[in-house]
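Okay, structure first, notes after.
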Amino acid sequence: MFDAVVSGKARMDVIIYGAGKQPREDLVTSTLFGSMRFLSSESRRLAIEKLTGKKPEGEVDIYLWPYLRRVGENAEPDVVLRIKDGERFEYWIVEVKWGAGLGKDQVGREIRTVCDGECRRGGLPGGPRSVSGYTLIGALERHAAELERARREFDRSLTISDFHWTAITERLRTLARGAAHDPGLVAWATLAATFLGGQPEGMVLSEWPDLTMPDACDFSFDSDERFALLQRIAPVAECQFNFSEAP
């Protein structure tokens, strides 16, 4: 999907309307996290760190939209990461938002059902499960109250983090610049950053180009405020700046 949007063959607004009720975040989630399965183990860990803030030490299994139930509630988190930690496993939940709000007690329900709920769909291994963290990607001001409520409920028992799409764009650009050792990781990070940088949600100003300043020189004018004849004018290096309206 990212290739189609970046190449101008598809547009996000057309994709969502053509997909009926399927939200845009599901398409973005599947492309970002589903494609990680084709990366090497080390590259997958580096990619996960940039997207979630969690640096896995062991092997990582990725589960998309597992459906879980426990007494009195159910949930379907976008992504659950199963991280090998020595002889045990820890779990990290990722929720992806593309402008939509969080449901009532959504963060809490997802954490509780992953901890000790029964996975009815999605293949997540049986519990109990040790949840060490939760990341919201695509955070907005409207999500702040729900995140704060979850932080109070779980206190310091796990890490709850959130990232705006603009921050994810910059983190992926940084990853692409520093991953020359792995062409596959460079391609993954570059494509994702290019896609996000072309959307209002993830658009950020690129780095300023290097500016070449002209050498010091003097200008003189005649009485009619014209350059004196034969005055040699130092050329200025050509440069271009492109600006776009903030979302």
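The values are calculated or read from the model by the stated rules, or taken from the named source; none is laboratory data. Note that the structure is a prediction, hence the values are computed from the model and not measured. Positions of Cβ are generated from backbone atoms using ideal geometry, with glycine treated the same way; all protein chains shown enter the neighbour counts.
Here is a yes/no grid of residues against (1) more than 21 Å from the chain's Cα centre (by Cα); (2) part of a loop (DSSP other than H, G, I, E, B); (3) at pLDDT 95 or above:
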| residue | (1), (2), (3) |
| --- | --- |
| Glu95 | no, no, yes |
| Trp98 | no, yes, no |
| Glu110 | no, no, yes |
| Gly127 | yes, yes, no |
| Tyr134 | no, no, yes |
field: Candidate set: the stretch 143-160, residues that are surrounded by fewer than 19 Cβ atoms within 10 Å (Cβ to Cβ), touching a Leu at 6+ places or on another chain (Cβ under 8 Å) and not β-branched (Val, Ile, Thr); chosen: the one nearest to Asp85 (Cα to Cα)
entry: Leu147
Matching residues in the stretch 112-125 - criterion: being surrounded by fewer than 14 Cβ atoms within 10 Å (Cβ to Cβ) and either under 20 Å from Thr29 (Cα atoms) or under 24 Å from the mean Cα position of the chain (by Cα) (or both): Arg121, Gly123
statement: Those residues of the stretch 81-106 that are in contact (Cβ under 8 Å) with a residue 60 or more places away in the chain and closer than 20 Å to Leu158 by Cβ come to a total of 3
task: Identify all residues within the stretch 75-88 that are modelled with pLDDT under 95 and either on the phi > 0 side of the Ramachandran plot or part of a strand (DSSP E or B) (or both); write none if there are none.
output: Lys84, Asp85, Gly86, Arg88
- prompt: Can Gly58 be described as surrounded by fewer than 16 Cβ atoms within 10 Å (Cβ to Cβ), part of a helix (DSSP H, G or I) and of a type outside the set (Asp, Glu)?
  reply: no
Residues of the stretch 130-146 satisfying the condition of being touching a residue at least 12 places away in the same chain (Cβ under 8 Å) and among the acidic types (Asp, Glu): Glu146
field: Some residue of the stretch 66-83 being surrounded by 20 or more Cβ atoms within 10 Å (Cβ to Cβ), within 13 Å of Glu110 (Cα to Cα), touching a strand residue (DSSP E or B) at 6+ places or on another chain (Cβ under 7 Å) and acidic (Asp, Glu)
entry: yes
message: Regarding the stretch 37-54, can at least one residue be identified that is assigned to a strand (DSSP E or B) and in contact with a Leu (Cβ under 8 Å, 6 or more places away or on another chain)?
response: no
statement: Just one listed residue, out of Glu225, Glu207, is at pLDDT below 70, at positive phi and not in a helix (DSSP H, G or I), and it is Glu225
- request: Check off (1) under 27 Å from Gly202 (Cβ atoms); (2) within 20 Å of the chain's Cα centre (by Cα) for Ala75 and give me the number that stays unchecked.
  value: (2)
task: Under 6 Å between Cβ atoms, at least 6 apart or on separate chains: pull out the pairs that start in the stretch 47-61 with a residue that is in contact (Cβ under 8 Å) with a residue 12 or more places away in the chain and end on any residue that is among the aromatic types (Phe, Trp, Tyr).
output: Lys54/Trp92
